[in-house]
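The values are calculated or read from the model by the stated rules, or taken from the named source; none is laboratory data. Here the structure is a predicted model, which means the values were calculated and not measured. All Cβ positions, even for glycine, are placed from backbone atoms using ideal geometry, and neighbour counts span all protein chains on display.
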Amino acid sequence: MPLVDLPIRDIPVRDARLHDVVLLDPPQKPKREDVPADKVLCEFCTAKCCRYFALPIDTPETREEFEYIRWFLLHDHATVFTEDGDWYVCVHTVCKHLQDDHRCGIYETRPQICREYTTKECEYEDDWVYDQYFETAEQVEEYMDAVLGPDGDRIGDGRRKKNRKKSIRGRKPPLLPVISS
Ligand code: SF4
Ligand code: SF4
């Protein structure tokens, strides 16, 4: 099995034999492709996947649904992101069982989701990006007004003339006269 297919925490570094090793600072972080064959990514990571949870949410289409998202973001440590058209609420909070050495404190009884998570497409890299990322309620409000229109109630309303803001573009200039020889 290739290294990257190993399930999170189901890897040699999480082995009980190594539980006594204290790794307060991980070794310098190599690129994913440079990790030696006898090592695993998690050895070089500060357990990024144990520091948040994200849940899928309905794609907002109405003002009322956007208001829920605005409400999420009024809470500390909450963000909302989209990926491949799907929306998620993300809460940046550290698992109670993550130890100072970035290892799982309940390795033997860790939840199924932790057992199934793999390093294959994990957020090891530091250049992780989202399609859209909302951090504040104000950002959602601005986005909501853009897609609904200032008085629109549902997606698409912003295209209706009555819901459009006055264009910031200047008037079209008059056509240049055709010069005839
Ligand atoms: S983010 Fe990836 S490399 Fe880091 S601990 Fe989680 S699975 Fe391992
Ligand atoms: S239970 Fe263990 S593997 Fe799962 S999130 Fe917590 S520290 Fe990470």
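Residue count for the range 73-92 satisfying the condition of being more than 15 Å from ligand 1 (Cβ to nearest atom) and surrounded by fewer than 13 Cβ atoms within 10 Å (Cβ to Cβ): 7.
Scanning the range 100-121 for residues that are of a type outside the set (D, E, K, R) and either without any contact (Cβ under 8 Å) to a residue 40 or more places away in the chain or within 11 Å of ligand 1 (Cβ to nearest atom) (or both) turns up His102, Cys104, Gly105, Ile106, Thr109, Pro111, Gln112, Ile113, Cys114, Tyr117, Thr118, Thr119. Glu43 fulfils the conditions (1) within 11 Å of ligand 1 (Cβ to nearest atom); (2) in a loop (DSSP other than H, G, I, E, B) except for a single criterion, (2).
Look at the range 60-73: where a residue is touching a residue at least 40 places away in the same chain (Cβ under 8 Å) and under 13 Å from Val89 (Cα atoms) and a partner is among the hydroxyl-bearing types (Ser, Thr, Tyr) and surrounded by fewer than 19 Cβ atoms within 10 Å (Cβ to Cβ), sitting 6+ places away or on another chain with Cβ atoms under 7 Å, you get Leu73/Thr136. Apart from one condition, Leu55 fits all of (1) more than 16 Å from ligand 1 (Cβ to nearest atom); (2) in a helix (DSSP H, G or I); (3) not charged (D, E, K, R); the exception is (2).
Each row is one residue, and each column tells you yes or no for (1) within 13 Å of ligand 2 (Cβ to nearest atom); (2) not in a strand (DSSP E or B).
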residue	(1), (2)
Val80	no, no
Cys90	no, no
Asp101	yes, yes
Ile113	yes, yes
Glu121	no, yes
Trp128	no, yes
Glu141	no, yes
Met144	no, yes
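Of the set (1) assigned to a loop (DSSP other than H, G, I, E, B); (2) modelled with pLDDT of 90 or more; (3) within 15 Å of ligand 2 (Cβ to nearest atom), all apply to Leu23 but (2).
For the range 127-147, the set of residues classified as in contact (Cβ under 8 Å) with a residue 12 or more places away in the chain and either farther than 21 Å from Pro60 by Cβ or among the hydrophobic types (A, V, I, L, M, F, W, C) (or both) consists of Phe134, Ala137, Val140, Met144, Ala146, listed by residue number.
Here's the yes/no breakdown for (1) of a type in the set (Asp, Glu); (2) over 30 Å from Gln28 (Cα atoms):
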{"position": "Glu61", "(1), (2)": "yes, yes"}
{"position": "Glu65", "(1), (2)": "yes, yes"}
{"position": "Arg70", "(1), (2)": "no, yes"}
{"position": "His75", "(1), (2)": "no, yes"}
{"position": "Glu83", "(1), (2)": "yes, no"}
{"position": "Val91", "(1), (2)": "no, no"}
{"position": "Arg115", "(1), (2)": "no, no"}
{"position": "Glu121", "(1), (2)": "yes, no"}
